[in-house]
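To start, the structure under review is shown below, and the notes come after it.
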Amino acid sequence: MVNSKPDDESDPANLGSEHRSTSLLPAQVPISNPIELIDTPSLTLAAILKGKAGNPLTTFEKKAALINAELNEFGLGRYQICIWFLCGFGYFLDLAWSQGVGLIATAIYQEMNVAPKDYGNIWALANAGLAIGALGFGLIVDIIGRKWAFNLTCLITSIFGLLLAAPKYNYNAICGIYFLASLGLGGNIPIDATIALEFLPQNRRFLVSLLAMWQPIGVVIASVIAYGTAAKWRCDVDLPSCKAVGAGEACCTVSSNMGWRYEIIILGCLTLVIFFLRFFVFTFHESPKFLLSRGKEEEAIAVLHKIANFNRASPPLLTMAMLRDIDEQDAQLNGQPIVPKEVAGPKGTGEMMKKVGKDFVHELNRVRGVFTNKLQCFTFVLLAIAYMGDYWSFNLAGAYLPIILLRNNVATGQTVTDTYRQYVYIYLPGIFGAVMALISVQLPLVGRKWSLVFSAICQGLAMAMYTQVKTSAGYVGLNALEYIMQTYFNAVLYASAPELFDTNYRGSVSGMLSCMGRLAGIVAPFAGAQFIASESSGILWLGAGGIWLSAFMMVFLPVEMRNRQMF
């Protein structure tokens, strides 16, 4: 948990002067913004509403502060820039696939004779895969480390994503394969945000919000691909499925409807290229703070040296002696004996597998720490509800707003190609949402907390206003506004949630939060399907209500991260 003094000098009373004590951190490491500890928790309602709640620093957090100091000395070096781009590609894939499949869904429904009541099946299974992937990879990233999880997500997505183009007249197979591809996709956001946060210097953490810029880029590229494939090689929208008519009658054949398959193949190849860049081109080092949290302090220092070498920067000053000093000081304060750490020797494959199994059980016990700490438990509950409201609204908008637009365009004589072109107009401005997030999280009176509240309220208003328009221009304009605010909200949420929890279980908590959101996403398409079948505007109010619930929850977010260190 982030408990320290602000990183800058904006507000020297940020944690309440009545709780302060002198820093116990070693003086050998140049920390330009000294950390002051608090002696007792500050959990009053006033502190919560102001975002100034806090707890005393743990031994791990004091050591992590020294890691932060070294990363600050490195600055935004070559290694950090590479990490930012590679993590951005994970954000790119998250919505490129969601948008890509969303835009071809109507072609799949038509070709495979899917009843309107079954439209939501593919989204429900996709969200089930995303939920399992988020939870599973969230736990894995805290067990085997960031490195392997970082690469496995893209590999799984690319394999099953390419297979998605194979089935013919088999909607159930499409849903099943997309579920498997979603297992990899689900881990992208929690893992990539965690990794970016743990490598960026403290004064550049706002760049994690800018990672969300890659989501609208992914959406736009998926829309452009769909415009050049799914819209071009698609059967007439008025033709019935060949499964629904007799032999010899005009129908939507596989050969006349190949565009959606071409799109899937292109997306699968893009995913494979990103995996290649992550695994073969770039040398990813394990997170120093993750190694520190697992007692591998010498390895953590070694990684800092490797990063400094890659950045062509001065070597770090942090030593094992400094870390031992913190252990000794805390042991003296708590009246506990100092227990020397055991150094583990090399292990065989069998031993490693047993260790992973034991670590998994140990990780489940470790995560309990989130719920035994009042401040972290309260924060987790608020974020879980916010994630659920966000994903509820996101899934309703992504699955059904394109259908509403298509129906309107068909009714007014516009072509399918016109509709796909409008998708680019809708989603390209989403980049401005990420830029707005980048700016607002740094504003003194706004920060993370009120950025979340403002963007969520505006997103809900855009969906509510969608019920009042009847023209294509109105649909496109309000859909674009909704997506800008959606990107704005998600940019801040995805960056802020991992900041609020320790490295010890940052990945696990991020995965659990994402999983909670995905579970809401499973239910949302079924709730919306009945409204879309009856062409009711109720689906829009469902979406607005979900994101407004998120806005209300974020009013009570107890910790504002703008001026605080992250451990």
Given (1) under 28 Å from ALA250 (Cβ atoms); (2) modelled with pLDDT of 90 or more; (3) small (Gly, Ala, Ser), identify the lone condition not met by ALA134. (1)
Just give me the residues in region 97-110 being crowded, with 24+ Cβ neighbours inside 10 Å and closer than 14 Å to VAL416 by Cβ, in sequence order. LEU103, ILE104, ALA107
When MET553 is run through (1) within 19 Å of TRP123 (Cα to Cα); (2) at pLDDT 90 or above, the failure sits at (1)
For the subset of region 149-194 comprising residues that are surrounded by fewer than 21 Cβ atoms within 10 Å (Cβ to Cβ) and in contact with a Cys (Cβ under 8 Å, 6 or more places away or on another chain), which member is modelled with the lowest pLDDT? TYR169
State the number of residues belonging to region 285-301 that are under 11 Å from GLU198 (Cβ atoms) and among the charged types (D, E, K, R). 2
Condition (residue is open to solvent by 30 Å² or more (accessible area, probe 1.4 Å), more than 17 Å from the chain's Cα centre (by Cα) and of a type outside the set (Ser, Thr, Tyr)) applied to region 125-136: is it met by at least one residue? yes
PHE276 out of contact with any His (no Cβ under 6 Å at 6 or more places or on another chain) and free of Cβ contacts under 8 Å to residues at least 24 places away in the same chain: yes
Can you tell me which residues in region 256-286 are open to solvent by 50 Å² or more (accessible area, probe 1.4 Å), under 15 Å from ALA181 (Cα atoms) and not aliphatic (A, V, I, L, M)? CYS269
Which of the residues that make up region 439-478 are surrounded by 15 or more Cβ atoms within 10 Å (Cβ to Cβ), in contact with a Lys or Arg (Cβ under 9 Å, 6 or more places away or on another chain) and among the aliphatic types (A, V, I, L, M)? VAL441, VAL446
Could you check LEU49 against (1) open to solvent by 30 Å² or more (accessible area, probe 1.4 Å); (2) closer than 23 Å to GLN329 by Cα; (3) modelled with pLDDT of 65 or more and say which number it fails? (2)
Restricting the search to region 539-557, which residues are crowded, with 24+ Cβ neighbours inside 10 Å and either in a loop (DSSP other than H, G, I, E, B) or of a type in the set (Val, Ile, Thr) (or both)? ILE539, ILE547, LEU557
In region 56-96, residues that are crowded, with 20+ Cβ neighbours inside 10 Å and not in a helix (DSSP H, G or I) total 1
Considering only residues of region 406-433 that are surrounded by fewer than 18 Cβ atoms within 10 Å (Cβ to Cβ) and among the small types (Gly, Ala, Ser), which is nearest to TYR475 (Cα to Cα)? ALA411
Of the residues that make up region 69-87, is at least one touching a helix residue (DSSP H, G or I) at 6+ places or on another chain (Cβ under 6 Å), touching a residue at least 24 places away in the same chain (Cβ under 8 Å) and closer than 30 Å to GLY259 by Cα? yes
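Do we have GLN99 as touching a strand residue (DSSP E or B) at 6+ places or on another chain (Cβ under 7 Å), within 26 Å of GLY528 (Cα to Cα) and assigned to a helix (DSSP H, G or I) here?
Numbers: touching a strand residue (DSSP E or B) at 6+ places or on another chain (Cβ under 7 Å): no; within 26 Å of GLY528 (Cα to Cα): yes; assigned to a helix (DSSP H, G or I): yes.
So GLN99 fails the test.
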Scanning region 212-245 for residues that are among the small types (Gly, Ala, Ser) and touching a Gly at 6+ places or on another chain (Cβ under 9 Å), the one farthest from GLY100 (Cα to Cα) turns out to be ALA212
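The values are calculated or read from the model by the stated rules, or taken from the named source; none is laboratory data. Computed from a prediction, not measured in an experiment: that's the story for all the values here. All Cβ positions, even for glycine, are placed from backbone atoms using ideal geometry, and neighbour counts span all protein chains on display. Heavy atoms of the whole protein, side chains included, go into the accessibility calculation; ligands, DNA and RNA do not. Shrake-Rupley method; radii C 1.70, N 1.55, O 1.52, S 1.80 Å.
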